[in-house]
Amino acid sequence: MNNKQIVNNNFIFILISIYLLIGCNSKNKKNEIEEQLITNVSIKLDEYFQKLKTLKKFNGVVLIKQEGKCLLFETYNMSESTTSSLNVKKESQFDIHSISKLMAKAAIIDLEQENRISLTDKISHFIPDFPNGNKITIQHLVENQSGLPRELSIKVDNLIEMKSEEIIALIKKEKLLFEPGSDTVYSNLGYQLLYYIIAKLTEKPFVQYLDEKYFQPLEMKSTGAHFNLLKNNLNNLVKNHEKNDNEIVVVPNIEKDGKNQAKIYSTVEDLMLFINHIKKISYREKIKNHSNKISWSGGGNGILSHAEYDISKKFEFVFFSNYDEIPFGDILKTVDKIMKNEPYELPKKINRKEIEISENVLKEYEGKYRVKEFNNHIFEFKIENRKLVMYQNGKKNGVLKAETEKTFFGEPSDEDYFEFRKEEGKYKLIFHYKKIEIEGIKEIRK
């Protein structure tokens, strides 16, 4: 090899080295930027929940991941004492409540793929004597379009102890709110039917089917059910809490007016395993909602929960809170904004101010408003001593104070408030409940 060849070879080697160095530096720079972005998002998420905790508006566990990377996995305890009944840990077990409905949706998809059920099947095929069973389909139950009310219209003592057949017998007595398929109203009763049908189809309790189909294969080792399933893994169950007369008190996890077919408990990590399973395309196209998310929330006395997968932004979000006085709607909206790099506000202490408004304005709001989402409860507003007074199902609930000419509150620190919104010449009641808008329709006097 002559000197010219050596020079050329050295030159080529130098060029390759420079190219590789530039490529590595560029790649490293890109990785550094991505890591910094992830860190910034993590800081914002933690800052938000820390602020809620400081304001005594959140107590629980949060887990957020994006494309396999953990952005936040933290506990937020309002009490500094580790012996407080509020105290939670990362491995704490919570009752998931209505998130069991998301599991039922997945179960129906799997059973349909096995040709054991169809969304078009009438429920009369499974429960022959069910009233209007020839009109209500499995799809109606899944989509909350069966016409069945949210809850039973009659008070039943120790409902939690009743067998599923006894619950179905009570549901049979309920009148439909609307023709099946013509409207959408959240119905716990509809899903009780769905749990029962899945159990009948698989010849095992609903929760046992879930355990064999999902909990065990996905290694959800801390997940189980209080009834109809023996797991012996309930080691870290939290205590639930409500605010009563400005004091935070413990309330029972097992409610006497609850139902036992799907009384499931889990941890945030276990529930994340389930979300990662059903985000597969075979499930997600059938489960996703109008926001392009797989999402479901649950709650009971003293507890709130949420699990979701955002298909567009590819992030998973699971949280449990064993204190139900939290701004639930605001949490969902703010986490969504942080993940999408949109403007958001940190929570702050509420101190509403009362103003005086004329009695003529108050008269516009008098009347009864039916709230479908609250099992058709009636909110009635009357004027007493120049104040707007609220009655719920005939019982006096409290005197309201005006914050504006259209919004009213109970106490200055209340998160929830009422708004009267005029649309097409008619007033609607908007109940801002845990930062979620719930609508009430004014009933016209005949």
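The values are calculated or read from the model by the stated rules, or taken from the named source; none is laboratory data. Values in this document were obtained by computation on a predicted structure and should not be read as measured data. Note that we place each Cβ from the backbone using ideal geometry, even for glycine, and neighbour counts take in every protein chain shown.
The residues in the range 379-417 that are among the aromatic types (Phe, Trp, Tyr) and under 15 Å from Glu366 (Cβ atoms) can be counted, and the count is 4. Exactly one residue out of Gly190, Gly147, Gly181 is surrounded by fewer than 17 Cβ atoms within 10 Å (Cβ to Cβ), under 24 Å from the mean Cα position of the chain (by Cα) and touching a residue at least 24 places away in the same chain (Cβ under 8 Å), and it is Gly181. If you check Glu325, Glu356, Glu285 for being at pLDDT below 95 and in a helix (DSSP H, G or I), only one passes: Glu285.
Please enumerate the residues belonging to the range 393-410 that are in contact (Cβ under 8 Å) with a residue 40 or more places away in the chain and not aliphatic (A, V, I, L, M). Matches in the range 393-410: Lys401, Glu403, Thr404, Glu405, Phe409.
Across the range 303-322, the qualifying residues are those that are over 14 Å from the mean Cα position of the chain (by Cα) and in a loop (DSSP other than H, G, I, E, B), and the one among them that is nearest to Phe374 (Cα to Cα) is Ile311. Number of residues in the range 49-81 that are without any contact (Cβ under 8 Å) to a residue 60 or more places away in the chain, among the aromatic types (Phe, Trp, Tyr) and in a loop (DSSP other than H, G, I, E, B): the value is 0. In the range 214-271, counting only strands (runs of 3 or more DSSP E) that sit wholly within it, the ones holding 1 or more residues that are touching a residue at least 40 places away in the same chain (Cβ under 8 Å), of a type in the set (A, V, I, L, M) and in contact with a strand residue (DSSP E or B) (Cβ under 7 Å, 6 or more places away or on another chain) span 247-251, 264-266. Report yes if Lys387 is over 30 Å from Asn144 (Cβ atoms), charged (D, E, K, R), touching a residue at least 12 places away in the same chain (Cβ under 8 Å) and surrounded by 14 or more Cβ atoms within 10 Å (Cβ to Cβ), otherwise no. Criteria met by Lys387.
Of everything in the range 193-213 that's basic (Lys, Arg) and in contact (Cβ under 8 Å) with a residue 12 or more places away in the chain, which residue is farthest from Ile123 (Cα to Cα)? Ranking the qualifying residues of the range 193-213, first place goes to Lys213. Against the conditions (1) touching a residue at least 40 places away in the same chain (Cβ under 8 Å); (2) of a type in the set (Lys, Arg); (3) exposed (fewer than 14 other Cβ atoms within 10 Å of the Cβ), Lys101 satisfies every one except (3).
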